[in-house]
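Participant: Dropping a structure here in structure tokens format, bear with me for questions.
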Amino acid sequence: REWCVFRGGISMQHSNHQNRRLLAGAASSVASSEQPTSDIFTLKDFYSDEEIVKKSRFITHVAPIQNQEEFDDFLEEIRDDTASHNCWAWKVGNEYRFSDDGEPSGTAGKPIFQAIEYSGLDNVAVVVTRFFGGIKLGAGGLVRAYGGSASSCLRKAPRVKMVAMSLVEVSCSASFIGIM
């Protein structure tokens, strides 16, 4: 008996030599064109968390997204205009963006994005809203506060495995129906 594994985890047993050659050739062409990849995870749903750092209140909101338009809608919904800052980052595949929203350059958006990268998640949006508490944190303190808040929230948020799917249409003669 010979087994042939196809993309999507489907395996088939071949009953005769002619079928083996035909199907094994199809499987090897699929296998050679695709590299194995590790599992990719995203967030299961919206999640939020809150931290206090030296009297400043950091509220972190995270959500799964599919594209920039979904992020724009998420940001519009989450943005609090009474807050001091609404800093954010998002990542979908190889596309990403981040913003310091008025904080010193590199102290908010980039640490939030680095938290996303470190988490290993994809298709994720993070918005950290800061309410100033009267104590200046300095550049290093801001980096730790924004990055730490984002990282903590992403760690606590429920995850789900992303499964790549393809629609496949197969045509064959009636004699092959039993093995398909």
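The values are calculated or read from the model by the stated rules, or taken from the named source; none is laboratory data. Everything numeric here is computed off the predicted structure, so don't read it as measured data. Note: ideal-geometry Cβ built from the backbone for every residue, glycine included; neighbour counts use all protein chains shown. Note: areas computed on protein heavy atoms with side chains; ligands, DNA, RNA excluded. Shrake-Rupley method; radii C 1.70, N 1.55, O 1.52, S 1.80 Å.
Participant: Restricting to the stretch 169-180, and then to whatever is in a loop (DSSP other than H, G, I, E, B) and not charged (D, E, K, R), can you tell me which residue is nearest to Gly106 (Cα to Cα)?
Facilitator: The qualifying residue nearest to Gly106 (Cα to Cα) is Val170.
Participant: Please enumerate the residues belonging to the stretch 59-73 that are in contact with a strand residue (DSSP E or B) (Cβ under 8 Å, 6 or more places away or on another chain) and in a helix (DSSP H, G or I).
Facilitator: Gln68, Glu70, Phe71
Participant: Moving to a separate point now. So how many residues does the stretch 39-61 have that are over 24 Å from Met165 (Cβ atoms) and open to solvent by less than 20 Å² (accessible area, probe 1.4 Å)?
Facilitator: Of the residues in the stretch 39-61, 3 are over 24 Å from Met165 (Cβ atoms) and open to solvent by less than 20 Å² (accessible area, probe 1.4 Å).
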